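Here's the structure we're looking at; comments come further down.
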Protein chains: 2
Amino acid sequence: MIKSALQIARAAYQPKLPKALKGSVKVVEGEKTQSVADQKEIEGLFPNTYGMPVIKFEKTDGAVDFPAINVGVILSGGQAPGGHNVISGLFDGIKKLNADSKLYGFILGPGGLVDHNYKELTAEIIDDYRNTGGFDIIGSGRTKLEKVDQFEKGLEIIKKLGIKALVMIGGDDSNTNACVLAEYYAAKDYGVQVIGCPKTIDGDLKNSMIETSFGFDTACKVYSEVIGNIQRDCKSAQKYWHFIKLMGRSASHIALECALQTQPNVCIVSEEVEKKNMSLDDVVVYIAEIVAKRAANGDNYGTVLIPEGLIEFIPAMKNLIAELNDFLAHDDKFATLDKDAQRDYVIKNISKENAKIYASLPQGVARQLTLDRDPHGNVQVSLIETEKLLSEMVANKLEEWRAEGKYNGKFSRQHHFFGYEGRCAAPSNYDADYCYSLGYTASALIANGKTGYMSSVRNTTAPAAEWIAGGVPITMMMNMERRHGEMKPVIQKALVELDGAPFKKFAASREDWAINTQYIYPGPIQYFGPTEVCDQPTQTLLLEQGK
Amino acid sequence: MIKSALQIARAAYQPKLPKALKGSVKVVEGEKTQSVADQKEIEGLFPNTYGMPVIKFEKTDGAVDFPAINVGVILSGGQAPGGHNVISGLFDGIKKLNADSKLYGFILGPGGLVDHNYKELTAEIIDDYRNTGGFDIIGSGRTKLEKVDQFEKGLEIIKKLGIKALVMIGGDDSNTNACVLAEYYAAKDYGVQVIGCPKTIDGDLKNSMIETSFGFDTACKVYSEVIGNIQRDCKSAQKYWHFIKLMGRSASHIALECALQTQPNVCIVSEEVEKKNMSLDDVVVYIAEIVAKRAANGDNYGTVLIPEGLIEFIPAMKNLIAELNDFLAHDDKFATLDKDAQRDYVIKNISKENAKIYASLPQGVARQLTLDRDPHGNVQVSLIETEKLLSEMVANKLEEWRAEGKYNGKFSRQHHFFGYEGRCAAPSNYDADYCYSLGYTASALIANGKTGYMSSVRNTTAPAAEWIAGGVPITMMMNMERRHGEMKPVIQKALVELDGAPFKKFAASREDWAINTQYIYPGPIQYFGPTEVCDQPTQTLLLEQGK
């Protein structure tokens, strides 16, 4: 690896730890827990890992002798800044317990466990990856660990390497699977612990005990940097409307956080669109009205933030997509037709209501809805260029209004989609510290014999020394949801709460931002400057904690 | 303006100045100059501003009393990081000469001069913009100052405000116009000086006396930050080929500099494509061969950098576009046909050679070549999504090879275009210092009665104290070129030199980068850290100066 100057300088950063983790720790148990819903079903499915108490670690004076332990670690799913620091925290934690402890990394995700593809992570390797972005130390993957034969196949290598505990670094699905695995190994009395770590830039893995998922802070800051740059350009040139789509598969946390950091003219929040039962046309009119108002003030420029998952939150679009999935899965004729005929064929054969919406879509988007399908035959909503869809429909709406004499501006457009730009950035101080602490906490959970827990670090808007480290039973976060036609126990996804402080702050400000141009330019993440520049958590977290 | 934490902290930065500018200066004149070509024509067109000597400033002990002067400043064309620092350097410079000097900014570009749209830039305003990105202090615009009635209209407001000199901050065209204006005012003996400043992120305004245009450093660093992040993601997921188009209208300096900073698997350099007379298919085969070689090693991922101007450097595409422009300008039938018929119509009616190329293009691109036309009827090449064009053609090529048994990999693609993300970033230390020095130097040129000069700061890979400040006659950079059918005097654009050190370094490394994955992750611009992180000039400049 050829290291950049920043990487070399940043390697020297020593991530901060909660005070409690700096010496020997003792476990303080809280009350027994319940799952967030469907308690009876979840308890029935997880008899060995249900109802355990929330725990926290406190400092203790007595030094404890720990035997050496071998631990395995897996990176699962999409990259998020700070994954390497979880691993280095875990490494330092188990080495502190006993210098002979070993850490094994499974290669390219959960598949590495099943396929026995691994490498030992030595101090030399770890040191090359401290405070860096990416998951490239061992790679990541999306193989789902959910079947007994996978668990048994994994056990072979676990036994061979003398592994006492697995740490699964992943999002809600991966942590659900970690819990299923913990339960299985516990039920079989295999003596293998499984600990989860909350990862995802999407910010949708959080709850009363998990303040935030790691990577959300850094990714949002990178997106806000470039959004801020675009806004400064936008205001200097006064020439374009920039439609900016932001990654975050389902929830709108990223779009909302970036809006709070940059104050764009428009930000769409999917959860609000769904709650208000808005149609696509409603969303288009909402944006077009702001464009028209600004044009009336002579401001023919602006910025619009769009969450990636929007389309699926528009009830009418959701219905259309569901009917298209169903219709096309059971149809043989469609594929034999030419393009124009396909369009007519769809319009004739789906329900009147959906046909009307389908016909109203720009042709390119309508095509995407019928053509790009995943292996299960479903529309790949993530491929839909929502930013272009919206800007085109807004342009059409404005032309209607122009014809009616209601609008007389210019509307030139630029489009952007940010996702891969931020998932592997070097972690901010917040994520560097938070991740290192999560990994270190995982080692303490392992040392204390815990399984089916997620590593938890709380109170993170305070200085790191005051952070509270502990563990939360994963079953506590679960409910039953329908997946591929079956009811399954899964970790409940945290969507944007419309009565939460971050959304309320946004909602109270957005009219001002829309008309008066209140752009903020956050600039790039700084690693070496004054603390008010380098050490701020997200606006979302600050507002959620009343700060 | 609501200031971000970084903006507030960064406002305190005091840009560095060449030693010579810290006290009173004296002018040291060099030899008389010649234009780079077409000396006779240029001299004939610029009798009053031709042949002046290059000058440099040296420190002198004698304090000089200057009368107060009023100066006007104009931002012209696309934004580039550091424009605000040119203005603050100019402001500080004329205030140092005499505290009663005044600076007027013309609003939204050269049009502000013609329309008498201006504001006085007071210390309070200037202080709000020091070390910030953007041109929003007065805005920018693209009105071309080239006609006598514009010059005369501008003179009215110049006289009214008692302005002694205008500073034009712009790219090659704007500086050409600045020189025409300087010549006109000199010929008329109006007593108004005109000074240019070399701005453009494209990096194509440079020559023996102008080391670099401002903004190139910062913009390339922002693009390299996100390219690095994408590469880290790419290597972690091992799943996608990322095709990344980079702004830079014509020359490939930005793509080349970003390649030197990040070491992607592929970087296309337009100037090389032209020199080697490569066809579009040659470029596609070049990329596809690297994809196939990597796939043979199990590496089904990678990164490709593409300069925005590529299409126009492919001789065959250039011919096709020229014929299409000509054909469609004199054709009435095309617009009346439906889409499929249009395609056939074009193929039937243009030359055989061009028809073959046209037919080989993906349909969407072929359509763009005939549909999106500027007000002059020309194809808008900048709208062509070259990154998607190339990735689609590479995909097709690989499928051919797969059918022949020559390729057996996966080829999933992602596309990016970076431009607006970097033009208004807060200037790096290099650009902050360089721009401030350029502005300050402009004040010294004004004080010494110069006109038709471009502000020049050289030796910028050395510490700022050793930088050499002076002025270069703009006529020295000129030659005659055909523009819209007429021969015009223009500043010669600096393309990437294939025998220059930056390209040679790239060419010597690219095979290794292609196959062995040597990504560098530069990370975001740092403003407060160690000097090796914060104060490095571009690789291009370091290599050009043998460092």
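Summary of computed values
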item: Conditions (1) in contact (Cβ under 8 Å) with a residue 12 or more places away in the chain; (2) exposed (fewer than 15 other Cβ atoms within 10 Å of the Cβ); (3) part of a loop (DSSP other than H, G, I, E, B): number failed by A:E31; result: (3)
item: Residue satisfying condition, being farther than 30 Å from A:R10 by Cα and of a type outside the set (D, E, K, R), within set B:I520, B:I515, B:I491; result: B:I491
item: Sole residue being crowded, with 24+ Cβ neighbours inside 10 Å and either under 24 Å from B:K102 (Cα atoms) or in the same structural domain as B:S382 (by TED's automatic domain parsing) (or both), chosen from B:V192, B:V222; result: B:V222
item: Flag if B:G191 is part of a loop (DSSP other than H, G, I, E, B) and of a type in the set (G, A, S); result: yes
item: Qualifying residue in the stretch A:46-65 (condition: hydroxyl-bearing (S, T, Y) and closer than 28 Å to A:A426 by Cα); result: no
item: Selected residue (only one of B:R510, B:R482, B:R458 is of a type in the set (K, R), free of Cβ contacts under 8 Å to residues at least 24 places away in the same chain and more than 14 Å from every other protein chain (Cβ to nearest Cβ)); result: B:R482
item: The stretch B:529-547 - residue that is touching a residue at least 24 places away in the same chain (Cβ under 8 Å) and in a helix (DSSP H, G or I) and, of those, nearest to the other protein chains (Cβ to nearest Cβ); result: B:C534
item: Which listed residue, of B:G248, B:G203, is at pLDDT below 95, part of a loop (DSSP other than H, G, I, E, B), at positive phi and of a type outside the set (V, I, T); result: B:G248
item: Failed criterion for A:D512 (all others in (1) at pLDDT below 95; (2) on the phi < 0 side of the Ramachandran plot hold); result: (1)
item: The listed residue being closer than 27 Å to B:V226 by Cβ, in contact (Cβ under 8 Å) with a residue 24 or more places away in the chain and β-branched (V, I, T), out of A:I210, A:I157, A:I138, A:I163; result: A:I138
item: Residue identified as assigned by TED's automatic domain parsing to the domain that holds A:V285, modelled with pLDDT under 85 and over 31 Å from the mean Cα position of the chain (by Cα) among A:A329, A:A335; result: A:A335
item: Extreme residue, nearest to B:Y223 (Cα to Cα), among residues of the stretch B:321-333 that are surrounded by fewer than 16 Cβ atoms within 10 Å (Cβ to Cβ) and either touching a residue at least 60 places away in the same chain (Cβ under 8 Å) or among the small types (G, A, S) (or both); result: B:A322
item: Count of residues meeting criterion [surrounded by fewer than 24 Cβ atoms within 10 Å (Cβ to Cβ) and within 14 Å of chain B (Cβ to nearest Cβ)] in the stretch A:246-274; result: 3
item: Some residue of the stretch B:20-28 being away from chain A (no Cβ under 14 Å), β-branched (V, I, T) and surrounded by fewer than 13 Cβ atoms within 10 Å (Cβ to Cβ); result: no
item: Filter result for the condition that a residue is under 30 Å from B:A187 (Cβ atoms) and surrounded by fewer than 17 Cβ atoms within 10 Å (Cβ to Cβ), over B:G471, B:G485, B:G452; result: B:G485
item: Whichever residue in the stretch B:487-539 is aliphatic (A, V, I, L, M) and touching a strand residue (DSSP E or B) at 6+ places or on another chain (Cβ under 8 Å) and, among such residues, is nearest to A:L6 (Cα to Cα); result: B:A514
item: Residue pairs meeting the criteria (Cβ under 9 Å; at least 6 apart or on separate chains; first within 13 Å of chain B (Cβ to nearest Cβ), in the stretch A:418-435; second surrounded by fewer than 24 Cβ atoms within 10 Å (Cβ to Cβ) and of a type in the set (D, E)); result: A:S428/A:D535; A:N429/A:D535
item: Count of residues meeting criterion [charged (D, E, K, R) and assigned to a loop (DSSP other than H, G, I, E, B)] in the stretch A:272-295; result: 1
item: The stretch B:206-217: number of residues that are part of a helix (DSSP H, G or I) and touching an Asp or Glu at 6+ places or on another chain (Cβ under 6 Å); result: 1
item: Per-region count, the stretch A:131-142, residues more than 19 Å from the chain's Cα centre (by Cα) and within 17 Å of A:V167 (Cβ to Cβ); result: 2
item: Among the residues listed as B:C234, B:C220, the single one being at pLDDT 95 or above, under 18 Å from the mean Cα position of the chain (by Cα) and assigned to a helix (DSSP H, G or I); result: B:C220
item: Residue check for A:F243: within 14 Å of chain B (Cβ to nearest Cβ), among the aromatic types (F, W, Y) and buried (at least 24 other Cβ atoms within 10 Å of the Cβ); result: yes
item: Residue in the stretch A:284-293 that is buried (at least 24 other Cβ atoms within 10 Å of the Cβ) and touching a Ser or Thr at 6+ places or on another chain (Cβ under 7 Å) present; result: no
item: Considering residues of the stretch B:52-76 that are outside any strand (DSSP E or B) and of a type in the set (G, A, S) only, the residue surrounded by the most Cβ atoms within 10 Å (Cβ to Cβ); result: B:A68
item: Residues satisfying the stated conditions in the stretch A:513-522, i.e. away from chain B (no Cβ under 14 Å) and crowded, with 17+ Cβ neighbours inside 10 Å; result: A:A514
item: Residues of the stretch B:1-19 satisfying the condition of being in a loop (DSSP other than H, G, I, E, B) and within 14 Å of chain A (Cβ to nearest Cβ); result: B:M1, B:I2, B:K3, B:S4, B:A12, B:Y13
item: Residue match in the stretch B:196-203 (condition: within 23 Å of B:G44 (Cβ to Cβ), away from chain A (no Cβ under 14 Å) and crowded, with 24+ Cβ neighbours inside 10 Å); result: yes
item: Answer residue from the stretch A:447-494, given it is farther than 28 Å from A:D92 by Cβ and of a type in the set (K, R) and is nearest to the chain's Cα centre (by Cα) among those; result: A:K493
item: Evaluation of A:Y184 against (1) more than 14 Å from chain B (Cβ to nearest Cβ); (2) on the phi > 0 side of the Ramachandran plot (one fails), failing number; result: (2)
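Residues checked against (1) closer than 29 Å to B:I515 by Cβ; (2) in contact (Cβ under 8 Å) with a residue 24 or more places away in the chain:
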{"site": "B:I306", "(1), (2)": "yes, yes"}
{"site": "B:I311", "(1), (2)": "yes, yes"}
{"site": "B:N319", "(1), (2)": "no, yes"}
{"site": "B:A335", "(1), (2)": "no, no"}
{"site": "B:N349", "(1), (2)": "no, no"}
{"site": "B:T386", "(1), (2)": "yes, yes"}
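The values are calculated or read from the model by the stated rules, or taken from the named source; none is laboratory data. Predicted model, so just to flag it, every value in this text is computed and none were measured. Note: ideal-geometry Cβ built from the backbone for every residue, glycine included; neighbour counts use all protein chains shown.
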